[in-house]
Amino acid sequence: MTRVNFLNYLKAIITLTGSVSFLYALAQLPNLALSWSFLFVLIFAVALAPKMSLQFPRSNLTLSFSDSVVFLTFLIYGGEMAVLIAFVETFATCVYLKRRGILASHWIILFNSSLASLLTTITYVVLLLCFSSISTNFDIYSTRGLIIVLGTLALSQFFVSSIFAAFYQKIKDQDKFFETWKRQCLSASLTQFTGAGLAGVIFKLINYADIVLVTIAFLILSIAYFNYRKMIGEINSAFSQAERAEQEKAEAEREKRIEVEKYAAKLSDSLKKEETANEALRKSQKAFKHAALHDSLTNLANRQQFSELLFNLINGYKNNPDICFHVLFLDIRRFKNINDSLGHTIGDKILTIVAKRFLRMVQKTDTVARLGGDEFAIILRDISTVGKALKVARRIHQSIAQPFSLSGNRIFISVNIGVAPCDLEYNTPEDILRDADIAMHYAKEKGIGVAVFTKELRVRFLERVRLESDLRHALERSQLSMHYQPLISLNEGKIIGFEALLRWHHPELGMISPAKFIPIAEDSGLIVPITIWILQETCEQLAKWRKIAPEFQNLIVSVNISGKHLSNDELVDDVEQALEHSGLPPEALKLEITESVAMENAEHTIDILTRLKQTGVQLSIDDFGTGYSSLNYLHRLPFDTLKIDRSFVYSVGENGENSEILQTIVSLAKNLKMKIIAEGIETEGQLSLLQYLGCDYGQGYLLAKPQPKEEAEQMLFQKSHWLPHYEPEDFDSRNKGLAENNLPVF
Ligand code: C2E
Ligand code: MG
Ligand code: MG
């Protein structure tokens, strides 16, 4: 049998037996001479007792009048009537509770009422058994007897009801019997004993006082009850108010705590945010510091960091001259051309590669920096002599020249390096950097790649700076002029034209060689306005000469064009303007471009020369043999004339020795269908050889020196034959010499 089923059976048995006891008691009712007093007890039990109860404040104890009524009935009317009253009173109480919505089912009302009558029956039986066992009839009208009877009643009622309740609870909720009984013991005993006490007092009043006294006592008790009830009500309401206030306070505190917790969470959140922001700030400060001291492209030290380091080293050296260091200034050769031809993206990549190569070539203790553009600098430490520093610089110069591939291009890089050793005269980083730069410029100018700074270089440099500054005003102060060197046909000995050569007459320094000031003009960019002036001047001059006599009407003029001007897109316009202003036909103007400049950026040269050629001018490749011509490009470049560099002419001996290269160049030019001109002819031997080889034109001191325009003009009138006079036997002896040197004889 399940627990639920057992409980249901138990309930049914209780209801049945309780109802039977009630019915039995009811059957005894007619035996009782119905009195007003019983009716009063009955009405009290049905109408008042259910509603009368006293709840003790701050406890679970409730003093009900049900027990008092039952006990009083017991004393006055006997056990059966007590069972009846117990049933009726419980029934009325249940109905009252049902009306208040506390009890629900009719069955529960019946069960409770039956239970009450059953428990009272059991108590009655227990009482009977007790008294019969001691064979005594107690006189309930004596106080002692009343106390014993009531005490026994209360005790039996207490035990019966508490044991039953504990038993029922054990089955229902599987509680421990003894624990449950103990828990309910106090409240049950108090209810029973106070009920019994109250019943005893009322019993005594009824029996020993007259009706007036009973009424007064009843009134007093009623007043006391209602006052007490009111007082308890107030106390309870005060307690509940206090409890509510406490609850509200607790609620407020809870809310406050939640607020505080929220605030704390917010605070920790904002602290975290602040921490993150601080971290970001620290990172950005670090990045900012890094950016302030490093070059963004190569990640090398930048000028500022380099200068700070150099400043410390200079001061350190002043304190202890044993701690020596060297500064290298490095400049990539013609980096602008790389940028122009391959684009800035590749240019940037090249700079990055070069930076990495520099880093690989120095020690960890050395510092490599990018000063800007294509300029780098290195501090070499732990190197005691300038000789060792020069060795390192040469090694860098050689290694950097190793070609590499980048985006399908074969890249050739070379650097010019200036070396400046530490010196006590240096006070600022700029001092030592300036000297390393001077040495670098010297290396660049001389084409030697690496140079060490000396005091003489500084003097030279200052002179150069002065020349550059003076050159800026040379044109407007009419210090520049043109000299004209005749170009002679080696077959006929006739003049075919002039090479225009620039001269600078410095007011203090006198005549300055173009070899000295042309590089300065190129570096400073002054060469462009100067060449524009040269083009106008020479074109006008030649136009005049061509008009003098019919034999001069085919004269030409050769003008040298520098690399700087060739890369300038406006060159074509400048040429056209000069021709237009002077009225010189374009074929009378020949532009000379040196081989090294032409080959530097051959694709660009092809482009600009093609455009120049379209204007109708002639083109000549100058100083041929000194550069590194690619035959492929040479073939595509639209040159009309090839001018052999004078070093090849110069090296030829009287009997034609060392003429192999000359022969090769002549046959190359012929194959390329170019006219050949040789410059620097100083001896008759050289002239004969060139004539012998079939060179078309010649230029040299032997034939005519460069002259100012007035002298050149005079020469035009005075000379009709420009080759020097020589005897036929001389020619034979020379031919003999040529044959001895295995030269082809025509
Ligand atoms: P270049 O164009 O090769 O000019 C020929 C140089 O050889 C001239 O030197 C000329 O005076 C010199 N020369 C001619 N015949 C002889 C000779 O028989 N022996 C010797 N030793 N030298 C001879 P110059 O006038 O001093 O010019 C030197 C260089 O300066 C020129 O070489 C040219 O590259 C440059 N240059 C001269 N004038 C100009 C110019 O107007 N514009 C540009 N861009 N460069 C110029
Ligand atoms: Mg020339
Ligand atoms: Mg030349």
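The values are calculated or read from the model by the stated rules, or taken from the named source; none is laboratory data. Keep in mind the model is a prediction, meaning the values are calculated, not measured. Glycine gets a Cβ as well: all are built from the backbone with ideal geometry, and neighbour counts include every protein chain shown. Protein only, heavy atoms only, side chains kept; ligands, DNA and RNA dropped before computing areas. Shrake-Rupley method; radii C 1.70, N 1.55, O 1.52, S 1.80 Å.
Of everything in the stretch 470-489 that's outside any strand (DSSP E or B) and open to solvent by 10 Å² or more (accessible area, probe 1.4 Å), which residue is nearest to ligand 1 (Cβ to nearest atom)?
Residue satisfying both the conditions and the ranking: 475.
For the stretch 626-633, does any single residue satisfy the condition of being of a type in the set (Val, Ile, Thr), touching a Phe, Trp or Tyr at 6+ places or on another chain (Cβ under 7 Å), more than 25 Å from residue 584 (Cα to Cα) and within 16 Å of ligand 2 (Cβ to nearest atom)?
no
I need every pair where a residue in the stretch 513-528 that is within 22 Å of residue 336 (Cα to Cα) has its Cβ under 8 Å from the Cβ of a residue that is open to solvent by less than 60 Å² (accessible area, probe 1.4 Å) and charged (D, E, K, R), sequence separation at least 6 or different chains.
What qualifies is 520/464; 520/468; 523/468; 524/468; 526/468.
Test residue 524 against the criterion of being open to solvent by less than 60 Å² (accessible area, probe 1.4 Å), within 16 Å of ligand 3 (Cβ to nearest atom) and hydroxyl-bearing (Ser, Thr, Tyr), and give yes or no.
It is false that residue 524 is open to solvent by less than 60 Å² (accessible area, probe 1.4 Å), within 16 Å of ligand 3 (Cβ to nearest atom) and hydroxyl-bearing (Ser, Thr, Tyr).
In the stretch 517-534, what residues are away from ligand 2 (no atom under 16 Å from the Cβ) and more than 46 Å from the chain's Cα centre (by Cα)?
Matches in the stretch 517-534: 520, 526, 528, 529, 532, 533.
Please specify each residue of the stretch 649-667 satisfying the condition of being in contact (Cβ under 8 Å) with a residue 24 or more places away in the chain and under 24 Å from residue 590 (Cα atoms).
Within the stretch 649-667, 649, 662, 665, 666 qualify.
Would you mind telling me which numbered condition in (1) under 24 Å from residue 442 (Cα atoms); (2) touching a residue at least 40 places away in the same chain (Cβ under 8 Å) residue 401 fails?
Every condition holds for residue 401 apart from (2).
Collect the residues in the stretch 595-612 that are away from ligand 3 (no atom under 16 Å from the Cβ), touching a residue at least 24 places away in the same chain (Cβ under 8 Å) and open to solvent by 30 Å² or more (accessible area, probe 1.4 Å), keeping them in residue-number order.
600, 601, 603, 604, 610, 611 - these are the residues of the stretch 595-612 that are away from ligand 3 (no atom under 16 Å from the Cβ), touching a residue at least 24 places away in the same chain (Cβ under 8 Å) and open to solvent by 30 Å² or more (accessible area, probe 1.4 Å).
Can you confirm whether the stretch 525-541 contains a residue that is modelled with pLDDT of 95 or more and of a type in the set (Gly, Ala, Ser)?
No, the conditions are met nowhere in the stretch 525-541.
State which residue pairs qualify: first residue more than 20 Å from residue 77 (Cα to Cα) and inside the stretch 204-227, second residue in a helix (DSSP H, G or I) and not acidic (Asp, Glu) in any location, beta carbons under 7 Å apart, and separation of 6 or more residues or different chains.
Pairs found: 217/205.
Can you work out which of the residues in the stretch 186-209 that are part of a helix (DSSP H, G or I) and at pLDDT below 75 is surrounded by the most Cβ atoms within 10 Å (Cβ to Cβ)?
Filtering first and then ranking leaves 188.
Yes or no: the stretch 677-692 includes at least one residue that is more than 16 Å from ligand 2 (Cβ to nearest atom), without any contact (Cβ under 8 Å) to a residue 60 or more places away in the chain and within 29 Å of residue 616 (Cβ to Cβ).
The answer is no, given that none of the residues of the stretch 677-692 is more than 16 Å from ligand 2 (Cβ to nearest atom), without any contact (Cβ under 8 Å) to a residue 60 or more places away in the chain and within 29 Å of residue 616 (Cβ to Cβ).
Under 9 Å between Cβ atoms, at least 6 apart or on separate chains: pull out the pairs that start in the stretch 283-304 with a residue that is without any contact (Cβ under 8 Å) to a residue 24 or more places away in the chain and end on any residue that is assigned to a helix (DSSP H, G or I) and among the small types (Gly, Ala, Ser).
If the second residue must be assigned to a helix (DSSP H, G or I) and among the small types (Gly, Ala, Ser), the pairs left are 304/292.
Identify all residues within the stretch 62-76 that are open to solvent by less than 30 Å² (accessible area, probe 1.4 Å) and either at pLDDT 85 or above or part of a helix (DSSP H, G or I) (or both); write none if there are none.
Result: 66, 67, 68, 69, 70, 71, 72, 73, 74, 75.
Take the residues of the stretch 24-42 that are free of Cβ contacts under 8 Å to residues at least 40 places away in the same chain and open to solvent by 100 Å² or more (accessible area, probe 1.4 Å): which is farthest from the chain's Cα centre (by Cα)?
31
Which of the strands (runs of 3 or more DSSP E) found entirely inside the stretch 360-448 contain at least 1 residues meeting this: open to solvent by 50 Å² or more (accessible area, probe 1.4 Å)?
In the stretch 360-448, the matching strands (runs of 3 or more DSSP E) lie at 375-381, 404-406, 409-411.
Check 252, 277, 292, 242 and return the single one that is part of a helix (DSSP H, G or I) and closer than 30 Å to residue 428 by Cβ.
Going through 252, 277, 292, 242 in turn, the sole match is 292.
Are any of the residues in the stretch 298-306 assigned to a helix (DSSP H, G or I), at pLDDT 90 or above and open to solvent by less than 90 Å² (accessible area, probe 1.4 Å)?
The answer is yes, given that some residue of the stretch 298-306 is assigned to a helix (DSSP H, G or I), at pLDDT 90 or above and open to solvent by less than 90 Å² (accessible area, probe 1.4 Å).
Could you run through the stretch 644-668 and say how many residues are farther than 21 Å from residue 605 by Cβ, open to solvent by 40 Å² or more (accessible area, probe 1.4 Å) and either more than 14 Å from ligand 2 (Cβ to nearest atom) or under 60 Å from the mean Cα position of the chain (by Cα) (or both)?
Result for the stretch 644-668: 11.
Does the stretch 623-638 include one or more residues that are more than 60 Å from the chain's Cα centre (by Cα), within 15 Å of ligand 3 (Cβ to nearest atom) and charged (D, E, K, R)?
Checked against the condition, which is being more than 60 Å from the chain's Cα centre (by Cα), within 15 Å of ligand 3 (Cβ to nearest atom) and charged (D, E, K, R), the stretch 623-638 yields no hits at all.
From the list 641, 615, which one is of a type in the set (Val, Ile, Thr), open to solvent by less than 60 Å² (accessible area, probe 1.4 Å), under 26 Å from residue 497 (Cβ atoms) and more than 16 Å from ligand 3 (Cβ to nearest atom)?
After ruling out the rest, the residue left standing is 615.
All but one of (1) within 16 Å of ligand 3 (Cβ to nearest atom); (2) surrounded by fewer than 21 Cβ atoms within 10 Å (Cβ to Cβ) hold for residue 671; state the number of the condition that does not hold.
The single condition residue 671 does not satisfy is (1).
For residue 571, which of the numbered conditions (1) of a type in the set (A, V, I, L, M, F, W, C); (2) within 13 Å of ligand 1 (Cβ to nearest atom); (3) closer than 15 Å to residue 341 by Cβ fails to hold?
The number of the failed condition is (3).
Look at residue 514 and say whether it is open to solvent by less than 50 Å² (accessible area, probe 1.4 Å), out of contact with any helix residue (DSSP H, G or I) (no Cβ under 6 Å at 6 or more places or on another chain), within 16 Å of ligand 3 (Cβ to nearest atom) and under 24 Å from residue 333 (Cβ atoms).
Yes; evaluated as a whole, the condition is true for this residue.
Any residue that is within 16 Å of ligand 2 (Cβ to nearest atom), assigned by TED's automatic domain parsing to the domain that holds residue 689 and more than 17 Å from residue 677 (Cβ to Cβ) - is there at least one of those in the stretch 584-597?
yes
Which one is farthest from ligand 3 (Cβ to nearest atom), of the residues in the stretch 490-509 that are open to solvent by 20 Å² or more (accessible area, probe 1.4 Å) and not in a loop (DSSP other than H, G, I, E, B)?
505
Among the residues of the stretch 533-586 satisfying the criterion of being among the hydroxyl-bearing types (Ser, Thr, Tyr) and assigned to a helix (DSSP H, G or I), which is least open to solvent (accessible area, probe 1.4 Å)?
Within the stretch 533-586, the match that is least open to solvent (accessible area, probe 1.4 Å) is 538.
If you scan the stretch 543-569, which residues turn out to be of a type outside the set (S, T, N, Q) and within 21 Å of residue 621 (Cα to Cα)?
If the condition is that a residue be of a type outside the set (S, T, N, Q) and within 21 Å of residue 621 (Cα to Cα), then 555, 556, 557, 559, 561, 563, 564, 565, 566, 569 are the ones that fit.
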